[in-house]
1. Looking at the chain, send over the antiparallel percent of its DSSP beta bridges, to the nearest 5.
2. Applying the Karplus parametrisation 6.51 cos²θ - 1.76 cosθ + 1.60 with θ = phi - 60° to the phi angles of segment 63-73, what ³J(HN,Hα) value in whole Hz is obtained for each residue in order, glycine and proline being reported as x?
3. Using a 1.4 angstrom probe, figure out how much accessible area the chain has per residue, in square angstrom, rounded to the nearest whole.
4. What value does segment 36-80 have for Rg/Rh, both radii from Cα atoms and Rh as Kirkwood defines it?
5. Under 20 Å Cα-Cα from Lys8, which lysines qualify once same-chain neighbours fewer than 8 residues away are excluded?
6. Which percent of the Cα-Cα distances in the chain go past 23 Å?
7. Given H placed 1.01 Å from N in the peptide plane, which residues other than close sequence neighbours of Gln87 have an amide H under 5 Å from its amide H?
8. What does the accessible area of Val40 come to, in Å² to the nearest 10, when a probe of 1.4 Å is used?
Amino acid sequence: MKEIRLQKDNFKENVLDQKGYVLVDFWASWCGPCKMLAPVLSQIAEENDDIIVGKVNVDEEMELAQAFKIQSIPTVILFKDGKPVKQSIGFTSKENLEKMWK
């Protein structure tokens, strides 16, 4: 499955109304650890049909970042059936991210 660019107008449909798992990456283009995490998330999206991977650019979507109290980036939040259940802050490995839902 491919990554979805999440914005205020499609967040509810693609995250909050989804059944199953959605992994949401809060990131920014100027953030070094975010750039390191991007290919890891792309790989997860390609290899796993059972999870949606979404990306929120915090500079463009400040309202979403504030709604989820994002203070450090990258922050990855795992949603299950529309509810946040786990969170990872900073760069982490593919294995650590996969442990969140497997």
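The values are calculated or read from the model by the stated rules, or taken from the named source; none is laboratory data. Just so it is clear, the structure is predicted and the values come from calculations on it, not from any experiment. Glycine also receives a Cβ, built like all others from the backbone with ideal geometry; neighbour counts cover every protein chain displayed. Note: accessible area is taken over every heavy atom of the protein model, side chains too, but ligands, DNA and RNA are not part of it. Shrake-Rupley method; radii C 1.70, N 1.55, O 1.52, S 1.80 Å.
1. Numbers: 12 of 22 bridges.
Once the DSSP bridges in the chain are tallied, antiparallel ones form about 55 percent.
2. So the Karplus estimates, Gly and Pro as x, are 4, 5, 4, 5, 4, 9, 6, 6, 10, 10, 10 Hz.
3. Numbers: 5760 Å² over 102 residues.
For the chain, the per-residue accessible area is 56 Å².
4. Values: Rg = 11.6 Å, Rh = 11.7 Å.
Taking Rg over the Kirkwood Rh, I get 0.99.
5. Straight-distance partners of Lys8: Lys19, Lys55, Lys69, Lys80, Lys83.
6. Numbers: 727 of 5151 pairs.
Beyond 23 Å sits 14 percent of the P(r) for the chain.
7. Leu78
8. 20 Å²
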